[in-house]
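Scroll down for the structure; my scribbles are underneath it.
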Amino acid sequence: YGSPTPKRQTWKTLVQAFVCSPVAASYTDSSDDETSPRDKQQKNSKGNSDFCIKNIKQADFGRREIEIAEQEMPALMALRKRAQGEKPLAGAKVVGCTHITAQTAVLMETLAALGAQCRWAACNIYSTQNEVAAALAEGGFSVFAWKGESEDDFWWCIDRCVNLEGWQPNMILDDGGDLTHWIYKKYPNMFKKIKGIVEESVTGVHRLYQLSKAGKLCVPAMNVNDSVTKQKFDNLYCCRESILDGLKRTTDVMFGGKQVVVCGYGEVGKGCCAALKAMGSIVYVTEIDPICALQACMDGFRLVKLSEVIRQVDIVITCTGNKNVVVRDYLDRMKNGCIVCNMGHSNTEIDVASLRTPELTWERVRSQVDHVIWPDGKRIVLLAEGRLLNLSCSTVPTFVLSITATTQALALIELYNAPEGRYKQDVYLLPKKMDEYVASLHLPTFDAHLTELTDEQAKYLGLNKNGPFKPNYYR
């Protein structure tokens, strides 16, 4: 169309141009140096060095990811606007141990906007998004985390969060209970100034109830895991989407026709089963609880003992929150090529330690994917070394995490501002009114319109027109 005829290029020149042209490196560049972050001296643009992350130069990439997450976290953004003048967390010094992702960054920046000071470590050695940690460090947050920490790094990072001269936390936000455990073990006197603990995982809540039963819980604790907004949304809907994402990214597996056993039919198990069934998988369920077991049966799943199907299944998924669900005997009996992974918080569900023996060979296939090979040549595919699949190997839906993060923020505000005596040294559930408030903040995203009770209807049901609409025992 009038433009000059381009010079003809041969395949050779095209290949040369492709191979020789410089390509800009991104935050996913595998050429990151392997120096431990603990051996680096890094500063952000303001000269602050109170952090330990992989690479501060990745901050711009992380900031873009945080901005994307903000668009899918409407309730946290609404909290920032509504509480700008009040600063309900003014004076709060929050020490946190959670997954460090773009969604967590939105929560941390919301807490800061509400007046809190924050110091943070990761609750999982594989789930940290390095670029997000860099963006937080550049923004002035004291973050101690990077993807691929060793066990020693993990505890070192938690200690750096807690142990700072002249700074003592007065609130704990935990995911799994490791931070709470560390303070109890190393710095028990800190609990004299700590107002409360907010915990969001099955594992961490179980630990808190154990402390409470033994009379060793020093401060009030809020059980976010069993709030309706966490159980019915994060645990169910988040896992329903992220189980497929994690398996696809790591193994490229075809789900149609595959035989899968899901261990546990709580909310996480329900989400996993629904997703796999929809993709055409043949799904078996194991359960200890007869109520959850009956639900699985009525949802169309076959209830089995793991020993009955372990030789035939293609994929084994644990989501019980327990330990030793898949032991060495089961691993020995699995078929060649069986995929083994965990969707529960803790890495105790699969007995990975039993696989680290001289007769078995480990081969790293790709990041977070290992072949474990038996002497006869049989191999299983182990994902994330038995740690949480979705946050180690993929991502999770931001909108669902917005619901949990908002619940965590409100729990912190409630405990921090509660008058003395409202909460004793025990474990509490979030008031139902707050659960409903969290849900209402997310409804505008769907252009949803709630129906309002008339005075007559409210009187008939014995309810306040503005809620709460469910009793506190409702789950």
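Only bridges with both residues in the chain count here: give the DSSP antiparallel percent, nearest 5.
Expressed as a percentage, antiparallel bridges in the chain total about 20.
How large is the accessible surface per residue of the stretch 377-466, computed with a 1.4 Å probe and reported in Å² as a whole number? Spell out each step's value before the answer.
On the way: 4600 Å² over 90 residues.
That works out to 51 Å² for each residue.
So which aspartates and glutamates can Lys248 reach, going by Cα to Cα under 20 Å and dropping same-chain residues fewer than 8 places off?
Hits, sequence-local ones excluded: Asp314, Glu363, Asp370, Glu385.
Stretch Asp329-Lys81 to full length: gain in nm at 0.36 nm per residue minus the Cα-Cα span?
Working: separation 248, 0.36 × 248 = 89.28 nm, distance 5.49 nm.
Once the chain is fully extended between Asp329 and Lys81, it gains 83.8 nm.
Apply 1/(1 + (r/R0)^6) to the Cβ-Cβ distance of Gln312 and Leu450, taking R0 = 45 Å, and write down the FRET efficiency to the nearest 0.05.
On the way: r = 48 Å, r/R0 = 1.07.
Calculated value: 0.40.
In what sequence, largest accessible area first, do Arg302, Arg333 appear using a 1.4 Å probe? All intermediate terms of the calculation are to be shown ahead of the outcome.
Numbers: Arg302 145, Arg333 60 Å².
Putting Arg302, Arg333 in descending order of accessible area: Arg302, Arg333.
Please tell me which of these pairs span more than 18 angstrom C-alpha to C-alpha: Lys186/Lys323; Lys432/Lys470; Lys216/Lys424? It would help to have the intermediate numbers written out before the result.
Values: Lys186/Lys323 25 Å; Lys432/Lys470 7 Å; Lys216/Lys424 13 Å.
Pairs exceeding 18 Å: Lys186/Lys323.
Mind checking which aspartates and glutamates have their Cα closer than 15 Å to the Cα of Lys185? Skip sequence neighbours fewer than 8 apart in that chain.
Asp159
Obtain the nm distance between the two label points defined at Asn336 and Leu443 by a simple spin-label model: each point lies 7 Å from its Cα along the Cα-to-C-beta direction.
With each label point 7 Å from Cα toward Cβ, the separation is 5.8 nm.
At a Förster distance of 45 Å, what's the computed FRET efficiency of Asp50 paired with Ala418, Cβ-Cβ distance as r, to 0.05?
0.90
For a quick check of understanding: with a 1.4 angstrom probe and all protein chains in place, what accessible area in square angstrom does Trp156 have, to the nearest ten?
60
Normalise the Debye intensity by I(0) for the stretch 42-137, one equal point scatterer per Cα, no solvent, then take log10 at q = 0.12, 0.17, 0.24, 0.25 Å⁻¹ and round to two decimals.
-0.38, -0.77, -1.32, -1.36
Nearest 0.05, what FRET efficiency do Lys40 and Gln210 give at R0 = 30 Å with Cβ-Cβ as r?
Values: r = 38 Å, r/R0 = 1.28.
It comes to 0.20.
Could you tell me which of rounded, prolate or oblate describes the stretch 403-459, using a ≥ b ≥ c as the square roots of the eigenvalues of the alpha-carbon gyration tensor, with rounded for a/c under 1.5 and, failing that, prolate when a/b is larger than b/c and oblate otherwise?
Details: a/c = 3.44, a/b = 1.58, b/c = 2.18.
Judged from the Cα gyration tensor, the stretch 403-459 comes out oblate (a/c at least 1.5, b/c at or above a/b).
If you average the alpha carbon positions of the stretch 310-366 and of the stretch 138-210, how far apart do those two centres end up, in angstrom?
With the stretch 310-366 and the stretch 138-210 each reduced to a Cα centre, they are spaced 29 Å.
To the nearest 10 square angstrom, how much accessible area does Ser440 have with a 1.4 angstrom probe?
Surface open to solvent at Ser440 totals about 50 Å².
Could you provide, to the nearest whole Å², the per residue accessible area of the stretch 236-376 with probe 1.4 Å? Let's see the in-between values first.
Details: 6380 Å² over 141 residues.
Result: 45 Å² per residue.
Can you divide the C-alpha Rg of the stretch 233-273 by 2.2 N^0.38 Å and report the result to two decimal places? All intermediate terms of the calculation are to be shown ahead of the outcome.
Numbers: Rg = 10.5 Å, N = 41, 2.2 N^0.38 = 9.0 Å.
The value comes to 1.16.
Given a 1.4 angstrom probe, I'd like the percentage of the accessible area of the chain that is carbon and sulfur, rounded to a whole number.
Details: 12220 of 23330 Å².
Of the solvent-accessible surface of the chain, carbon and sulfur hold 52 percent.
Probe of 1.4 angstrom, ligands and nucleic acids ignored: what's the accessible area per residue over the stretch 91-210, in square angstrom? Before the final figure, lay out the partial values.
Working: 3670 Å² over 120 residues.
For the stretch 91-210, the solvent-accessible area averages 31 Å² per residue.
5 Å is the cut-off here: which amide hydrogens, built 1.01 Å from N in the peptide plane, fall below it relative to Leu217, excluding neighbours closer than 5 in sequence?
The answer is Ser212.
What's the extension gain from Gln168 to Ser367 if we count 0.36 nm per residue and subtract their Cα-Cα distance?
On the way: separation 199, 0.36 × 199 = 71.64 nm, distance 3.73 nm.
Answer, rounded to one decimal: 67.9 nm.
Multiplying the sequence separation of Val304 and Lys459 by 0.36 nm and subtracting their Cα-Cα distance, what value in nm do you get?
51.0 nm
Rank-order 415-428, 197-210 by packing density, defined as the average count of other C-beta atoms within 10 Å over each peptide's residues, highest first.
Working: 415-428: 13.6, 197-210: 22.0.
Highest-to-lowest ranking by the protection proxy: 197-210, 415-428.
Over the chain, what is the relative contact order in whole percent, taking alpha-carbon pairs under 8 Å and six or more residues apart?
14
The values are calculated or read from the model by the stated rules, or taken from the named source; none is laboratory data. Because the structure is a prediction, the values reported are computed rather than measured. Every residue, glycine as well, gets a Cβ built from its backbone with ideal geometry; the counts of neighbours run over all protein chains shown. Heads up: the accessible areas ignore ligands, DNA and RNA and are worked out on the full protein's heavy atoms, side chains in. Shrake-Rupley method; radii C 1.70, N 1.55, O 1.52, S 1.80 Å.
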